[in-house]
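Heads up, the thing below is written out as structure tokens.
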Amino acid sequence: MKKNFIISIRTIVITLFMMFLSIDYGYGQFTGQNFSFELGSYDFWRGYQAQNNSNGSTMIFTPWTVFNNPATCQWQGADCFVINSNVNEFDSRIPTLKKIPNGYTKSTQINCAKNNKNVNMLTYDLDVTDQNCLLTFNFAIIMESPGHPGYESPFFRIEIVGLENGVETARVAECALFEVKGDVSTAPPGWNSFTGGIWQPWRQVSMNLTNNLGTTVRVKIILASCEWSGHYAYGYFVGRVSPSVLNVNACGNEGNAAVIEAPPGFQSYEWFANPEDLPEHLLGGVASTSVPLFTSTATATVPANNIFSLSTANYDFYGENYFVKVTSPSSTVGVPGCVAYMKTRVQTIKPITRYNVDIDCQLTATFDNITEFPFDDGGDKEFIWDFGDGQTATYINTDPTTEGNISPTHTYESAGTYIVKLSARYDSCINEIEREIIIPETPSFSLLDTTVCMGETIDISIQNPAITTGVTYTWTNPNDATPFIGQVYNGTFNESTEIIVEAVSPSCNYIDTVIVDVQEFPDITLTGDTMLCDGETVFITASDATGNTQEMQWSLTDPGTPPQFNPNQPVTSDPVFTYTPTGDMTIYLIARTGKGCMGSKSINIKITDPRVVANKYKVCPEDPVVLTGFDAVDYSWTANPPDPTLPAGRSANSVTAHPLETTVYTMRGYGESGCFAERTIKVTVIPYPEGEIYYSPDYVDVDNPVLSIKDVSKYGVTSRWDISDGTTSEQRSFSHKFNDVSGQSVEIRLTSYNEVGCSDTASVVVPIELFSVWVPNAFSPDGDGRNDRFFFKSLNKLGDVKFEVYNKWGERLYLFESPNFESFADMSEVHGWDGKFNGKDVQVGSYVWRLTYKRQGNERVYDKNGTINIIR
């Protein structure tokens, strides 16, 4: 009884892992030589033979027998590996199956139509480089299908595994496996049936090993007869290695910019733009978030389309960089095919053929060739124009004499409609475009140029029109935003103007221009001495920058606007006017051109009366003072007392002096003839202040830390104080209390300013005095030489000192007085109370003392008291 017929196909592409069988036979690694058996031998291949002892789910073989020359391997008298060289030879059991697929000249047969468990395997060890990373497998399979469980039936298997030091490692990808088992009853899509079995017509599968560059992989092809020794399996195989590249037809086809061809044999192709030219490892993210430009997926009978036609619109929009996502076939439901990405740069060489045309109304067409060559590495270029009237023009880049035919001008014999075709060629890539143009009839006319004065209004008329009806004339003046329509143009002109006139008829437009030359009014310049001394004569000379002046009139009165000649005064061509003014006045000149354009100019005459000013009238010694004269041509300066810093000579500029003391400066203001008048100015020099600080007392008393401070600087009028405790002040004098007297001294800094802001500084350091008076609370007047007398102690100078001792009845027992007291040592033995009164020892017990005194520099009386205990 036959079992279900099942095919398990795992995808073979790009990255491959896991191996189903480990073989550690060492053999050389190669880079693809004889992978397609082009040598007609098994050079670089190895053959193996074993027996199939598999169970349904596990492949189990007897130990492999290795054949370095697979052609020597046989089974039951039949060759297990045979090189096929006849491209027209067919299989003996499947008469429609060629032993060699189209596009190849060789193939190999693996296994033979014998039973008895025979298993054969071919292997090829490949060093993966960028020149061989694309593997293409072609195989055709014939196997009986007895329906035994799994691997007990005949089966076919291709697997790619890693190889390190000659030892197989894991399959290089989960999908790097393709296998067929004869445990099915019905041929799946793409397979055919024969009596007792199934057969696979030639099938091509590709895989991309780009991710395995620099490693060694092993290609393993296995065909096994059934474990029950009753059914066979054999097949044909041939492969090819090549770079993983995309072929680009840069000329494209029809309306496309280019045609890109990916390697065949994949299950699906998805094409995307790659405008940022991202590397392969980032292309998966682009593919997952972008809409492909083109996709194609294989069916059971029709392979996927591996060719992408890139439209000109997409090329213009996306640019030069693109990639394809290829997915290999999957042989197992739920297991996706392997995915790879291949990218390319498209530099189309197809010319972008375009032109513009400008048609005038003289039967002439001027063509503007705006064809672009997207890629230009110095190839041959050619343009062929067909003007549609039987005339042509050709440009060839190697013939300089044809340069004018890139954008030619062509004159037609008559008006009409013509088809103009432009063909552009780059090397062998041609693109052409044709357009219909209309050559119209001509509404020509003429215009008369004219000359007017600036601001004059005139009429300009159309002359000699070729068409008298149905024509509209539009006048465009660049100085007028609104065009005028009509045959007579009226305008006012302030500058020379070129007016464009366009005649529009039903068939054509015609353009001509008229020039209105505007003559400027005289541009008069008057020169001569304008700063005079009283009684001097002025000579004024006139000149006209335009050169248009023909007549002139000099006047001492304003000629008005617009200027007019005074009929009561003479007209002259003499450009020089002589006059002796009696005061400040204005002289006028009226000028007239040959066109009657009139202009005027005036010049002011001034009698010298100079003035002098200073930027400062009070300064500190040597401060700069800027002295400036007015109402003269130039000036000279002297000083009293002399100022050596004052510049010598005459100058029209201000001068700078640096007086040491109060100085009177004398300025001479000169007229243009050299006459002068003198003026004086006084600059007062204020001495610098001499910084000095007064303060009282001479120290800072910790008990009363107040100082009286005063600015006593000579010439000082304002003050700026900076005290070391951070206090600032601008008072001339003030009292200041110090809150922090923990240091040794304080510093007082003064900046004193005079009335013009010049300054001097001074500073003082004032010591801080710590005051103390100490009075003991007991003594023992027993004559032992220790602590026998009672007296106070102080290291400070004291004034008006009075020290007293009283008993409890108020009787004074002791008195010490001193107007100035200064203690440098223990004064008790000199001045102290000895514990006696009237020569007798007082009783042991407590007594009251009182101490009064004044401190140096302070009129306050300090009054202290306490008790003293006598101990005997």
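The values are calculated or read from the model by the stated rules, or taken from the named source; none is laboratory data. Note that the structure is a prediction, hence the values are computed from the model and not measured. So basically every Cβ, Gly included, is an ideal-geometry build from the backbone, and we count neighbours across all protein chains shown. The protein model used for the area step is the full one, side chains on, heavy atoms only, and it has no ligands, DNA or RNA in it. Shrake-Rupley method; radii C 1.70, N 1.55, O 1.52, S 1.80 Å.
Segment 465-526 holds strands (runs of 3 or more DSSP E) entirely within its bounds, and those carrying 2 or more residues that are without any contact (Cβ under 8 Å) to a residue 24 or more places away in the chain map to 497-504. Whether a residue is in contact with a strand residue (DSSP E or B) (Cβ under 7 Å, 6 or more places away or on another chain) and at pLDDT 95 or above was assessed, and THR366 passes this test.
Restricting the search to strands (runs of 3 or more DSSP E) fully inside segment 60-158 and requiring at least 1 residues that are of a type in the set (Gly, Ala, Ser) and open to solvent by 10 Å² or more (accessible area, probe 1.4 Å) gives an empty result. Looking across segment 736-776, the residues that are closer than 30 Å to ILE686 by Cα, part of a loop (DSSP other than H, G, I, E, B) and not charged (D, E, K, R) come down to ASN754, VAL756, GLY757, CYS758. As a summary of the residue check, ASN253 satisfies the conditions (1) buried (at least 22 other Cβ atoms within 10 Å of the Cβ); (2) under 43 Å from the mean Cα position of the chain (by Cα); (3) not basic (Lys, Arg) except for the one numbered (1). Scanning segment 348-369 for residues that are open to solvent by less than 60 Å² (accessible area, probe 1.4 Å) and closer than 30 Å to PHE308 by Cα yields THR348, ILE349, LYS350, PRO351, ILE352, THR353, TYR355. Here's a check for you: in segment 297-312, which residue that is open to solvent by 30 Å² or more (accessible area, probe 1.4 Å) and in a strand (DSSP E or B) is nearest to ALA187 (Cα to Cα)? The residue in question is THR297.
Within segment 579-599, being out of contact with any Pro (no Cβ under 8 Å at 6 or more places or on another chain), closer than 29 Å to ASP534 by Cα and surrounded by 11 or more Cβ atoms within 10 Å (Cβ to Cβ) holds for TYR579, PRO581, ASP584, MET585, THR586, ILE587, LEU589.
With the requirement that a residue be open to solvent by 10 Å² or more (accessible area, probe 1.4 Å) and modelled with pLDDT of 80 or more, what does segment 176-185 give you? Correct list: LYS181, ASP183. Considering every residue within segment 551-566, establish whether at least one is in contact (Cβ under 8 Å) with a residue 24 or more places away in the chain, among the acidic types (Asp, Glu), more than 30 Å from ALA652 (Cα to Cα) and touching a Cys at 6+ places or on another chain (Cβ under 9 Å). Within segment 551-566 (the criterion being in contact (Cβ under 8 Å) with a residue 24 or more places away in the chain, among the acidic types (Asp, Glu), more than 30 Å from ALA652 (Cα to Cα) and touching a Cys at 6+ places or on another chain (Cβ under 9 Å)), the answer is no, since none of the residues qualifies.
The residues of segment 804-814 that are in a strand (DSSP E or B) and either of a type in the set (A, V, I, L, M, F, W, C) or open to solvent by 50 Å² or more (accessible area, probe 1.4 Å) (or both), listed by number, are VAL805, TYR806, ARG812, LEU813.
Residues in segment 672-720 that are in a loop (DSSP other than H, G, I, E, B), closer than 30 Å to GLY743 by Cα and open to solvent by less than 50 Å² (accessible area, probe 1.4 Å): GLY691, PRO697, TYR699, VAL702, PRO705, SER713. Here the condition is being buried (at least 18 other Cβ atoms within 10 Å of the Cβ), modelled with pLDDT under 90 and not basic (Lys, Arg); of SER828, SER772, it holds for SER828 alone. Residues in segment 236-277 that are among the polar types (S, T, N, Q), in contact with a Ser or Thr (Cβ under 7 Å, 6 or more places away or on another chain) and not in a strand (DSSP E or B): how many? Number of matching residues: 3.
Reported count of residues in segment 563-605, each being closer than 15 Å to MET454 by Cα and either assigned to a loop (DSSP other than H, G, I, E, B) or in contact with a Ser or Thr (Cβ under 9 Å, 6 or more places away or on another chain) (or both), is 10. Among the candidates TYR715, TYR694, the residue that is in contact (Cβ under 8 Å) with a residue 12 or more places away in the chain, out of contact with any Cys (no Cβ under 7 Å at 6 or more places or on another chain) and on the phi > 0 side of the Ramachandran plot is uniquely TYR715. Of the residues GLU382, GLU413, GLU441, GLU403, the single one that is part of a strand (DSSP E or B) and among the acidic types (Asp, Glu) is GLU382.
Being open to solvent by 30 Å² or more (accessible area, probe 1.4 Å), touching a strand residue (DSSP E or B) at 6+ places or on another chain (Cβ under 6 Å) and farther than 21 Å from ASP701 by Cβ is a property that holds for GLU817. Residues that are open to solvent by 40 Å² or more (accessible area, probe 1.4 Å), under 11 Å from VAL501 (Cβ atoms) and touching a residue at least 24 places away in the same chain (Cβ under 8 Å) within segment 439-464 comprise just one, SER461. Applying a threshold of 6 Å to beta carbon distances and a minimum spacing of six or more residues, or different chains, the list of pairs starting in segment 625-647 at a residue that is of a type outside the set (A, V, I, L, M) and ending at one that is open to solvent by 20 Å² or more (accessible area, probe 1.4 Å) and assigned to a loop (DSSP other than H, G, I, E, B) reads THR628/SER654; ASP631/ASP609; ASP634/ARG650; ASP634/ALA652; SER636/ARG650; TRP637/LEU646; THR645/HIS658.
Does ASN869 satisfy the criteria of being over 60 Å from the mean Cα position of the chain (by Cα) and in a loop (DSSP other than H, G, I, E, B)? In short, no. Pairing residues of segment 179-199 that are within 22 Å of PHE137 (Cα to Cα) with residues that are open to solvent by 30 Å² or more (accessible area, probe 1.4 Å) and modelled with pLDDT under 85, at Cβ distances under 6 Å and at least 6 apart in sequence or on separate chains, gives VAL180/ILE7; PRO188/ILE7; PRO189/ALA300; GLY190/ALA300. For segment 600-614, residues that are closer than 14 Å to VAL655 by Cβ and loosely packed, with under 13 Cβ neighbours inside 10 Å total 0. Considering segment 466-479 alone, what residues qualify as being surrounded by 13 or more Cβ atoms within 10 Å (Cβ to Cβ) and either modelled with pLDDT of 90 or more or within 57 Å of the chain's Cα centre (by Cα) (or both)? Once the filter is applied, which keeps residues that are surrounded by 13 or more Cβ atoms within 10 Å (Cβ to Cβ) and either modelled with pLDDT of 90 or more or within 57 Å of the chain's Cα centre (by Cα) (or both), segment 466-479 yields VAL471, THR472, TYR473, THR474, TRP475, THR476, ASN477.
Restricting attention to segment 43-98, the residues being more than 19 Å from ARG203 (Cα to Cα) and of a type in the set (A, V, I, L, M) number 7. Residues in segment 535-550 that are assigned to a loop (DSSP other than H, G, I, E, B) and surrounded by 12 or more Cβ atoms within 10 Å (Cβ to Cβ): GLU536, THR546, ASN548.
PRO440 versus (1) under 48 Å from the mean Cα position of the chain (by Cα); (2) within 30 Å of TYR395 (Cβ to Cβ): which is the lone unmet condition? Of (1) under 48 Å from the mean Cα position of the chain (by Cα); (2) within 30 Å of TYR395 (Cβ to Cβ), only one is false for PRO440: (1).
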